[in-house]
Amino acid sequence: MIYDLVILGGGPGGYRAAELASREGFKTALVEKDRLGGTCLNRGCIPTKSYYSDVVGKLGSLDAMWEKKEKVVDKLRKGVSTLMNRSSVDVIEGEGRITDVSQDVKRLSVTTEKGEVVLESKRLLIAVGAMSRPLSFPGSDLEGIVGGDWAVTDRALWDPSFEDGAESVAVVGAGVIAVELACILKEMGKEVTLLKHSDQILRRSDGEIKKKVNQLVKKRKIPTVDFFRIEKVAREDGRLTVFGEAQGESMEIGCDRLILAASMVPILKGYGLEESGIAFSDKGITVDEFMETSVPGVYAVGDCTGGAMLAHLAEYQALSAVEHMAGREYRINPDAIPSCIFFDPEIASVGLTEEEAMERGLEFVVGRVFFVANGMALAMDRSDGFVKVLADRESGRMLGVHIIGPEAATLISEAALAVDRGLTVKEVAYTVHPHPTLSECFKDALFRILEEI
């Protein structure tokens, strides 16, 4: 049998592409070496957000948190499996490798428990994800160090040693993963130290958001060390000592657990990319605006293409790819990709930051409203934070929205629609927003801008 589409990787980008392709009438196969759902469902986004909701909601013991997380993940994984069955997608468990990308038929060799299987298809879609950037130093393999892919998953939060007196944790990093882990661990009652490679936190976030997060980190008594470089780690009497240097000074940090929350890098080896002539660099697989690679009929989506490594972006890249396969065009607006950070309070952004708008030489106006002025936020007793909106001074078109506060990750969707469609401040502000809701903060920030333009 020759498939219309074979997909390598069963994460958000892969299984969404499979579902969409089946709707187009494509006979589709999906190859996954581990479990459907990828890192996001099984070890990353969903498990860590389950823990996040538990610590914020004060669920209680680690055992209770683990049990709930397992139920959530299992239910969602079964949901993906059911979706594939209903979509008549052939799911093949095994490790796939591209062996032929000729014009008419693409071939994928799959190593399964029963042996080697060769799949033939008119098209291929690569969605093999990313991995944690490896960090190596003397002592990096010692017990008590959580590194590699485990450092960016729920393993960094769940460790039996936490029940055996491991109370202090050092987290290396200052990005989304490091900040989320530090927040959850602190709420778990652990002593947390954040070891940063620079003097910044959440480097790509809006300046005011970064300033607010720094204030909250200090308020929660999470010590931070700027410009820290690990030289070695030693272990004695069950405790770790991290030896390093910060701004010319030698330092020693003691902890029970060390989490290396390094950045993620695309997975590029082991899948036959180079042998197949598929262009890629250290940043990821090279794709065009429709996610097609340098080889016609071969597409790539998700983390393996580099850029913003977000599950929701992978899903929409899958949509772009399948639309192109079906002879239609859907382009993703790179300025309208929302991002969310599950800190407490939540953080969400879409569009340009104030710094990016200035770099582009844009004339803009800022509208800002604090949640302390919002009735629902006060009623929820969650009034910390603000909504910040950037709009073009001349046209009134919305350029960016940045939120730190309750339900920020949910509130950002309205803003994403506005930025993506190029709506003006007036068009959104004059849309009736219900009362009492948190969304009124967004509306009020828009009216602040209307006072100036």
Working only within the stretch 262-271, note down all residues that are assigned to a loop (DSSP other than H, G, I, E, B), surrounded by fewer than 20 Cβ atoms within 10 Å (Cβ to Cβ) and touching a Ser or Thr at 6+ places or on another chain (Cβ under 9 Å). 263
Matching residues, the stretch 315-334, being touching a helix residue (DSSP H, G or I) at 6+ places or on another chain (Cβ under 6 Å) and farther than 16 Å from residue 13 by Cα: 333
How many of the residues making up the stretch 262-300 are of a type in the set (D, E, K, R) and more than 30 Å from residue 171 (Cα to Cα)? 5
Out of the stretch 91-123, which residues are among the basic types (Lys, Arg) and within 14 Å of residue 5 (Cα to Cα)? 106, 107, 122, 123
Look through 285, 337 and report the one residue that is farther than 26 Å from residue 414 by Cα and either crowded, with 23+ Cβ neighbours inside 10 Å or aliphatic (A, V, I, L, M) (or both). 285
Closer than 21 Å to residue 190 by Cβ and either modelled with pLDDT of 85 or more or crowded, with 20+ Cβ neighbours inside 10 Å (or both): is that true of residue 28 in this structure? no
Restricting the search to the stretch 368-404, which residues are part of a strand (DSSP E or B) and of a type in the set (A, V, I, L, M, F, W, C)? 369, 370, 386, 387, 389, 390, 391, 398, 399, 401, 403, 404
Can you tell me which of 51, 15 is touching an Asp or Glu at 6+ places or on another chain (Cβ under 7 Å), outside the structural domain of residue 190 (by the TED database), at negative phi and not in a loop (DSSP other than H, G, I, E, B)? 51
Residue that is among the small types (Gly, Ala, Ser), touching a strand residue (DSSP E or B) at 6+ places or on another chain (Cβ under 8 Å) and assigned to a helix (DSSP H, G or I), where the choices are 416, 348: 416
Strands (runs of 3 or more DSSP E) (entirely within the stretch 116-232) containing at least 1 residues that are farther than 30 Å from residue 283 by Cβ and at pLDDT 90 or above: 168-172, 191-195
Yes/no for residue 211 being on the phi > 0 side of the Ramachandran plot and among the basic types (Lys, Arg): no
Being under 30 Å from residue 409 (Cα atoms) and either of a type in the set (S, T, N, Q) or not in a helix (DSSP H, G or I) (or both) narrows 88, 81, 109 down to just 81
When every residue in the stretch 342-382 that is hydrophobic (A, V, I, L, M, F, W, C) and more than 25 Å from residue 436 (Cα to Cα) is compared, the one surrounded by the fewest Cβ atoms within 10 Å (Cβ to Cβ) is 358
Does residue 259 count as over 30 Å from residue 9 (Cβ atoms) and assigned to a strand (DSSP E or B)? no
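The values are calculated or read from the model by the stated rules, or taken from the named source; none is laboratory data. For clarity, every value in this text was computed on a predicted model and none was experimentally measured. A quick note on method: Cβ atoms are made from the backbone with ideal geometry, for glycine too, and the neighbour counts reach across all protein chains shown.
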